[in-house]
Structures are given as structure tokens and as C-alpha cells.
Amino acid sequence: MEVSPALISNVTDAVLDDVQAWQSRPLEQLYAIVYLDALYVKMRDNGHVQNRAIYTAIAITLEGNKEMLGLWTSAHEGAKFRLQVLTELQTRGVKDILQAVDIADTDQIE
């Protein structure tokens, strides 16, 4: 399916406020498990296409429900950016996580 750059801009502009509100919403104080991962996607930035890391934080609540806590983008995957993600989660209300799982680290387990 082909879409014009103008259509993409219009759709992005229409949902941007909702996305920002979702990304900054208050979170629960306690989660049973939080999974952290990053995947690489090609993104256009200032007219250039480049690989970017998209960080995800997915939680399992004490009731057993899945909840996407947020999505973040960075030029590279690394410990400093993961710390920023965790700090943001804390700022949004998370006080404790019973088990945090870094999916990238599990790739190294044999």
C-alpha cells in the first residue's frame, strides 16, 4: 500500500498528543515482572534512514495482566539508556519490581 508523506504527517500530528499522554501516564507502584528489551528498526531522521533501537518495557501486574509501560527510541542500545528508562518508570510512579528481566541478557544464556 502506498501512502503519501503528507498523509503520514497528518496522521502523526493527529495522534501525537494522545501518544505523549500515554507515554507519560502514571504507573502502578508495584509490578510482579518487568521485561526490558530493544529491537532495531529503520527510521527516517532528518531525511536519512538509520537503524534505531526501540526499547520496550512490558510488565506483568500482580493480577497477572500484561501492560506495556512504554516505548523509547535511541541511536544505540546500552546500559546508560536502560538506566534512563528505569528512572523514567520510577518518576512515573513505579516503586518496586519483584523481578526485572533484561531480554538482551537472556540471549547470552545457553
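Of all DSSP beta bridges confined to region 1-107, the antiparallel ones make up roughly 80%. Rounded to 0.05, the FRET efficiency of the VAL41 and ILE103 pair, given R0 = 22 Å and the Cβ-Cβ distance, is 0.85. Using only Cα atoms, tell me the angle between helix 5-23 and the longest principal axis of the chain; keep it within 0 to 90° and round to the nearest 10. The helix 5-23 is inclined about 20 degrees to the chain. With an a/c value of 1.5 or above and a/b not larger than b/c for the gyration tensor axes a ≥ b ≥ c computed over the alpha-carbon atoms, region 14-75 is described as oblate.
Were the residues from LEU16 through ASN51 laid out at 0.36 nm apart, the gain over their Cα-Cα distance would be 10.4 nm. With the simple spin-label model, which puts each label point 7 Å out from Cα in the Cβ direction, the ALA79 to GLU63 separation comes to 3.7 nm.
Stretching SER9 away from GLN23 to a fully extended chain increases their span by 3.1 nm, per 0.36 nm per residue minus the current alpha-carbon distance. Loop-located trypsin sites (Lys or Arg not before Pro) in region 33-101 (DSSP state not H, G, I, E or B) with no more than 12 neighbouring Cβ atoms inside 10 Å: LYS95. When Kirkwood radius over Cα pairs in Å is calculated for this entry, the matching label among [x] 16.1; [y] 16.7; [z] 15.7 is [z].
Read the figures in this text as sums done on the coordinates, not as results from a lab. Keep in mind that this is a model prediction, so the values were computed, not measured. Cβ: placed from backbone, ideal geometry, glycine included. Neighbour counts: every protein chain shown.
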